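Report on the following structure.
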Amino acid sequence: VRNVKKAYPFAVAARDELANMNSQLVGVEGKRERERYIKEYEKQMFKKYEKDLRALTISQGRILLKLVDREINNTAYELVKEYRGSFSAFFWQGVARLFGENLKSEYDPELEDIYIEEIVQLIEAGII
C-alpha cells in the first residue's frame, strides 16, 4: 500500500503532463520544431520531478512503470519510442534489463496486478 501510494501521484502527473504536451504539440509544425519542443518539455519535467523520482525505491519504480501503463495505456518503452525515437527506447530498455526491469511490462489489473488495482481504486475513492 505504501509503495502504491508513493508511486501513484507520479503516474497521474505523467498522464496530465503528457496530455498537456500533446495539446501543445498540435500547434507545433515541422519535425525539427516538434523535437525541440519535446526536448525542452523534457528538461522542464526533469527539473520538476527528478529529485522526487530519484527518491523512489526499486519496488516503487516497478509499480510506477505499471501505473504509467495503466494511466496512459502505453508502456514506458512505447512512450520513449514515440517521443524520443527507437534508438533511445532500445538504449533505455537495455539499461532497464541490466537492472532486472522491463520497460515493456504491461499493466494487468485482473491477474498479475490485481492488488495494485485494488489499492489504486481505494486511493481514488478517498478511502486510503
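The values are calculated or read from the model by the stated rules, or taken from the named source; none is laboratory data. If you're wondering where the values come from, they're calculated on a predicted model, not measured in any experiment. Cβ sites come from the backbone with ideal geometry, for glycine too, and all protein chains shown count toward neighbours. Remember, those area values only see protein heavy atoms, side chains included, never the ligands or the DNA or RNA. Shrake-Rupley method; radii C 1.70, N 1.55, O 1.52, S 1.80 Å.
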> Out of all the residues in region 89-107, which are open to solvent by 30 Å² or more (accessible area, probe 1.4 Å) and either farther than 19 Å from residue 120 by Cα or without any contact (Cβ under 8 Å) to a residue 24 or more places away in the chain (or both)?
Replying inline: 90, 91, 92, 94, 95, 97, 98, 99, 100, 101, 102, 104
>> Pairs please, first residue from region 65-78 and touching a residue at least 60 places away in the same chain (Cβ under 8 Å) and within 14 Å of residue 4 (Cβ to Cβ), second anywhere and of a type in the set (A, V, I, L, M, F, W, C) and assigned to a helix (DSSP H, G or I), Cβ atoms under 6 Å, 6+ apart in sequence or on different chains.
In response: 67/7; 67/11; 71/11
>> Quick check on region 24-34. Is at least one of its residues part of a helix (DSSP H, G or I) and either among the hydroxyl-bearing types (Ser, Thr, Tyr) or under 26 Å from residue 99 (Cα atoms) (or both)?
In response: no
> Can you tell me which residues in region 19-46 are of a type in the set (Val, Ile, Thr) and open to solvent by 90 Å² or more (accessible area, probe 1.4 Å)?
Replying inline: 26
>> Among the residues in region 115-122, are any over 15 Å from the mean Cα position of the chain (by Cα), open to solvent by less than 40 Å² (accessible area, probe 1.4 Å) and closer than 25 Å to residue 21 by Cβ?
In response: yes
> Which pairs have Cβ atoms under 6 Å, sit 6 or more apart or on different chains, and link a residue in region 12-31 that is of a type in the set (Val, Ile, Thr) to one that is part of a helix (DSSP H, G or I)?
Replying inline: 28/34; 28/37
>> Please return the ranges of helices (runs of 4 or more DSSP H) entirely within region 55-128 where 2 or more residues are closer than 26 Å to residue 25 by Cα and modelled with pLDDT under 95.
In response: 58-72, 76-84, 86-98
